[in-house]
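What follows is calculated from the coordinates using simple rules that are stated; it is not laboratory data. Everything numeric in this text was worked out from a predicted model, so none of it was measured. Here the Cβ positions follow ideal geometry from the backbone for every residue, glycine too, while neighbour counts run over all protein chains shown.
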Amino acid sequence: MSLDNLRVAIVGAGPAGIYAGNLLANAVEEAGGSVSIDLLESLPAPYGLIRYGVAPDHPRIKGIVNSLHEMLDSGRIRFLGNIEVGRDVSIEELQERYHAVILATGAIRDAALDIPGIDKAGSYGAADFVAWFDGHPDVPRTWPLDAQQVAVIGNGNVALDVARVLAKLPEDLRSTEVPDNVLEGLEGSAVTDVHVFGRRGPADIKFTPIELRELGEVRGVDIVLDDADFEGVDPAAAPNNQMKIMLRTLNSWRGRELTGAPRRLHLHFWHAPAEVLGDERVEGMRFERTRVEGDRVVGTGAFVDYPLQAVYRAVGYYGTRVEGAPFDAARGVIPNVEGRVDGVPGLYATGWIKRGPVGLIGHTKSDAMETVEHLVEDAAAGSLTAPAADDVVALLDERDVEYTTWQGWLALDAHERTLGETHRHQRERVKVVPREEQVEISRADALARS
Ligand SMILES: Cc1cc2nc3c(=O)[nH]c(=O)nc-3n(C[C@H](O)[C@H](O)[C@H](O)COP(=O)(O)OP(=O)(O)OC[C@H]3O[C@@H](n4cnc5c(N)ncnc54)[C@H](O)[C@@H]3O)c2cc1C
Ligand SMILES: NC(=O)c1ccc[n+]([C@@H]2O[C@H](COP(=O)([O-])OP(=O)(O)OC[C@H]3O[C@@H](n4cnc5c(N)ncnc54)[C@H](OP(=O)(O)O)[C@@H]3O)[C@@H](O)[C@H]2O)c1
């Protein structure tokens with residue numbers, strides 16, 4: 001088959017799905033073919049974890065958002081939001097309507113931390129907290145912030161985001177996109193001490209240099225380190241430049257005098273979580289101290305307890321399963337070989353759901369490139385089945401699915417920016433949080449025309 005009149009559905013409008021759509025349009029155009037691409041998204045708005053994961057005080061990724069916006073604005077990809085694939089339309093129904101379906105459903109939930117007491121009141125998943133402070137429509141609007149001493153488990157960038165947002169003075173978040181209900185919640189927070197625990201050593205952190213350095217610049221927060229954690233840790237022996245920089249950053253904080261700041265951020269290493277303590281509620285946490293043995297980190301058999309009133313586990317995300325698609329529950333991914341889903345011709349995967357919840361936005365581009373290359377190869381080889389059914393929109397209309405469109409997103413985007421301009425703290429945007437309200441604003445134009 002040639003690459004003429006190819007029809008492809010992409011599920012998930014996070015960066016992986018958008019890059020895949022754009023790369024596919026480029027590849028087919030270059031080959032002199034034609035393709036129509038539908039991008040189906042369960043939320044009313046595009047951008048996945050960029051909108052509902054990236055911290056509100058991190059506007060650095062604006063350039064990436066602008067370029068993703070241009071890709072969707074080019075008219076080469078049709079955005080259809082507020083449609084949950086697996087519920088509103090099945091994978092099978094998509095396969096009847098497209099030559100190929102690419103799954104780019106990413107991750108929105110926390111990986112489990114299987115230790116006693118983890119389900120006690122006051123123990124939270126970082127992903128849930130992130131979804132709250134980023135105004136995700138499907139999570140509660142309030143968050144309990146009555147704990148003075150809080151633990152964050154994990155040494156990745158999500159742990160840093162959570163620790164920073166918990167420790168930061170709320171007035172320093174006022175000019176960000178943080179929703180008003182979140183700002184109010186943070187203003188009432190009782191927190192004085194945020195303890196971040198890594199199960200391995202300072203040279204095993206999964207932070208990135210800019211994110212770590214930023215922690216030392218947070219106003220109103222003293223950083224506290226334990227010198228004993230750094231015995232035998234030599235920045236000069238670090239395996240790469242990034243680690244060298246981060247170890248130097250950590251070293252520069254050692255021995256810093258406490259300034260009497262209202263909040264403290266403690267970074268503990270060599271602490272493996274063992275148990276959450278307390279009757280009904282979190283009252284503390286027990287850790288097993290660890291050390292290096294050969295090339296492994298092992299438990300020492302010595303335990304230490306910390307009094308705490310809340311615990312946030314930031315031990316990684318877990319991929320979003322799609323009803324009707326194969327799923328490897330142990331790894332939280334769709335089983336695939338370089339993007340071709342195992343055993344299902346015409347079905348592909350890309351982004352975090354393809355390779356697990358690790359990596360920056362930019363990595364989803366190279367990922368999409370590999371998946372798209374295989375899809376184009378398969379199309380050119382004639383191994384994709386031609387669609388037999390109508391446009392998916394007819395099916396959505398038949399089912400009264402209130403889908404949103406790119407025009408709808410432009411309307412919601414403009415609305416949020418206007419709210420920002422007139423906000424008492426003058427923000428770039430104020431996010432509309434409730435799903436129904438997002439849908440109503442997005443669809444107002446379509447309804448007026450019908
Ligand atoms: C808290 C946090 C902060 C981060 N901050 C940064 C940062 O500052 N800089 C950086 O470079 N990277 C950052 N990252 C990493 C970055 O967010 C990821 O690399 C990237 O978002 C992964 O892209 P994705 O498209 O695979 O998944 P996602 O961004 O998760 O997008 C998946 C999309 O699929 C949709 N979807 C899921 N299931 C369905 C379904 N059944 N039907 C329809 N749609 C569905 C979801 O709603 C979502 O919109 C951060 C990650 C997290 C968790
Ligand atoms: N600003 C940004 O650029 C930004 C912000 C947020 C996220 N991100 C990116 O998004 C991706 C996901 O981040 P993430 O923080 O969720 O994942 P991550 O980078 O994989 O970090 C997970 C952390 O959890 C620890 N962990 C896992 N299981 C554990 C257990 N049972 N007990 C104790 N600790 C455990 C890991 O320790 P081990 O190393 O010992 O396994 C690691 O320190 C990363 O690539 C990250 O860089 C980027």
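Charging the Cβ of each Asp and Glu at -1 and of each Lys and Arg at +1, and nothing else, the dipole of region 299-450 about its Cα centre rounds to 700 debye.
Each of T404, L247, S42 was scored by the projection of its Cα onto the charge dipole of the chain, and the greatest displacement toward the positive side belongs to L247; charges sit on the C-beta of Lys, Arg, Asp and Glu.
Across region 287-295, rounded Karplus estimates of 3J(HN,Hα) from the backbone phi angles (6.51 cos²θ - 1.76 cosθ + 1.60, θ = phi - 60°) give 10, 9, 5, 10, 8, 7, 9, x, 9 Hz, Gly and Pro being marked x. Placing unit charges on the Cβ atoms of the charged side chains and taking the dipole of region 134-231 about its Cα centre, the candidate lying farthest along the positive direction among H195, I223, V139 is V139. In this Cβ point-charge picture (+1 for Lys and Arg, -1 for Asp and Glu), region 110-317 has a dipole of about 560 debye about its Cα centre.
Each residue of region 160-171 was assigned a 3J(HN,Hα) from its phi angle through the Karplus expression (A = 6.51, B = -1.76, C = 1.60, θ = phi - 60°), giving 5, 4, 5, 4, 5, 5, 5, 8, 5, 5, x, 5 Hz with x at Gly and Pro. Around the amide H of L103, modelled in the peptide plane, lie the amide H atoms of V11, Y348, A349, T350, all under 5 Å away and 5 or more residues distant in sequence or on another chain.
Taking GluC sites (Glu not before Pro) across region 306-378, the ones in a DSSP loop with at most 14 further Cβ atoms lying within 10 angstrom of their Cβ are E323, E338.
With R₀ fixed at 60 Å, the C-beta to C-beta distance from R289 to R417 puts the FRET efficiency at about 0.75. Amide H contacts under 5 Å for R109: Y318, restricted to partners 5 or more places along the chain or on a different chain, H placed in the peptide plane at 1.01 Å from N. Computed 3J(HN,Hα) for region 210-224, one whole-Hz value per residue from the Karplus formula 6.51 cos²θ - 1.76 cosθ + 1.60 where θ = phi - 60°, is 5, 5, 5, 4, 4, 4, x, 9, 6, 5, x, 10, 8, 9, 10, glycine and proline marked x. Here the label points at E93 and A112, each 7 Å from Cα along the C-beta direction, are separated by 3.2 nm in the simple model.
Mind giving me the FRET efficiency for R296 and I61? R0 is 45 Å, r the Cβ-Cβ distance, nearest 0.05 is fine. Using R0 = 45 Å, I get an efficiency of 0.80. Please give the calculated 222 nm ellipticity per residue for the chain, where each DSSP H segment of at least 4 residues contributes -39500 (n - 2.57) and the sum is spread over every residue; nearest 500 deg cm²/dmol? Calculated mean residue ellipticity at 222 nm is -9500 deg cm²/dmol.
From most to least packed by mean Cβ count within 10 Å, the peptides 195-201, 12-18 give 12-18, 195-201. Note on K120: aspartates and glutamates with a C-alpha under 14 Å away, same-chain residues under 8 apart excluded, are E275, D279, E280, E283. Specify whether the C-alpha gyration tensor of the chain places it in the rounded, prolate or oblate class, a ≥ b ≥ c being the square roots of the eigenvalues: rounded for a/c under 1.5, otherwise prolate if a/b is larger than b/c and oblate if not. In terms of gyration-tensor shape, prolate.
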